[in-house]
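Undergrad: Next up is a structure, given as structure tokens.
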Amino acid sequence: MQAHAYEGDIIAGRHDDVRLYEGVRTRRIFAFLIDYAIVLLLMIPFGFLVLLLGLLTLSLGWMLFPVLFPAVALTYVWTTLGGARQATKGMQAMSIRLERLDGERVDGMLALVHTVLFWAGNVILTPLILLATLVLDRKRTVHDLLLGTVVVRSDR
């Protein structure tokens, strides 16, 4: 690992630069709210399709309603967080992105596992899971720690 100087500071590696993490916690929360709104808007056309399917199948298609929200949300995460920008639309709006600590790209499967662990952590620990960002390095959450990922600012 090579150290380099940036504005007078000696930084051992890209992820050691504290400027990458300034305001990340707040930006993550707002990005989540934006993404949640986008998924809810995406639910409208898909919900209508399931409604029509239920009418055509004499209500058998309506059994898809319980899995509709998770399916839409996970597809959204797979295509955005697992995409080229490594960020959902909400994360892009807040100028943050998910990166792996080993330098590899975030793929769709890692994005799905990241999201499932986030929701599992919220079910078990409620939103108190965000308290981990106060004590863990690089303002990471528990699921970031488990997966070897970090959320950084993309504008720095």
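Undergrad: Please give the contour-minus-distance gain from ALA37 to LEU145: 0.36 nm per residue of separation, less the Cα-Cα distance, rounded to one decimal in nm.
TA: 36.2 nm
Undergrad: Additional query: Cα centroids of the range 95-156 and the range 23-69: how far apart, whole angstrom?
TA: Each part's Cα centre sits 23 Å from the other's.
Undergrad: With a/c under 1.5 counting as rounded, go ahead and sort the range 27-75 into rounded, prolate or oblate using the C-alpha gyration tensor (a ≥ b ≥ c being the square roots of the eigenvalues; past the cut-off, prolate if a/b is larger than b/c, else oblate).
TA: Prolate shape, in that a/c is at least 1.5 and a/b is the bigger ratio.
Undergrad: Kindly provide the helix-only [θ] at 222 nm of the chain, computed as the sum of -39,500 (n - 2.57) over DSSP H runs of four or more divided by all residues, to the nearest 500 deg cm²/dmol?
TA: Helices in the chain give a 222 nm mean residue ellipticity of -17000 deg cm²/dmol.
Undergrad: Length gain on complete extension for the stretch LEU128 to ASP16, per 0.36 nm per residue less the alpha carbon to alpha carbon distance?
TA: Working: separation 112, 0.36 × 112 = 40.32 nm, distance 2.60 nm.
Between LEU128 and ASP16, full extension yields an extra 37.7 nm.
Undergrad: Here is a further query. Round to the nearest 0.05 the FRET efficiency obtained for MET63 and ILE29 when R0 = 22 Å and r is the Cβ-Cβ distance.
TA: With R0 = 22 Å, the Cβ-Cβ based efficiency is 0.05.
Undergrad: Oh, and also: Can you give the Rg to Rh ratio of the range 52-121, both from alpha-carbon atoms, with Rh computed by the Kirkwood formula?
TA: My calculation puts Rg/Rh at 1.15.
Undergrad: Mind putting together the pair-distance distribution for the chain? All Cα pairs, 5 Å bins, whole percent per bin, short to long.
TA: Binned Cα distances yield the sequence 2, 9, 15, 19, 18, 12, 9, 6, 4, 2, 1, 1, 1, 0.
Undergrad: Which distance in nm do the two modelled labels at LEU49 and LEU112 give, with both placed 7 Å along the Cα-to-Cβ direction?
TA: Distance between the two pseudo-spin positions: 1.7 nm.
None of the figures in this text is laboratory data; all of them are computed from the coordinates on show. Because the structure is predicted, anything quoted here is derived from the model rather than measured. Glycine also receives a Cβ, built like all others from the backbone with ideal geometry; neighbour counts cover every protein chain displayed.
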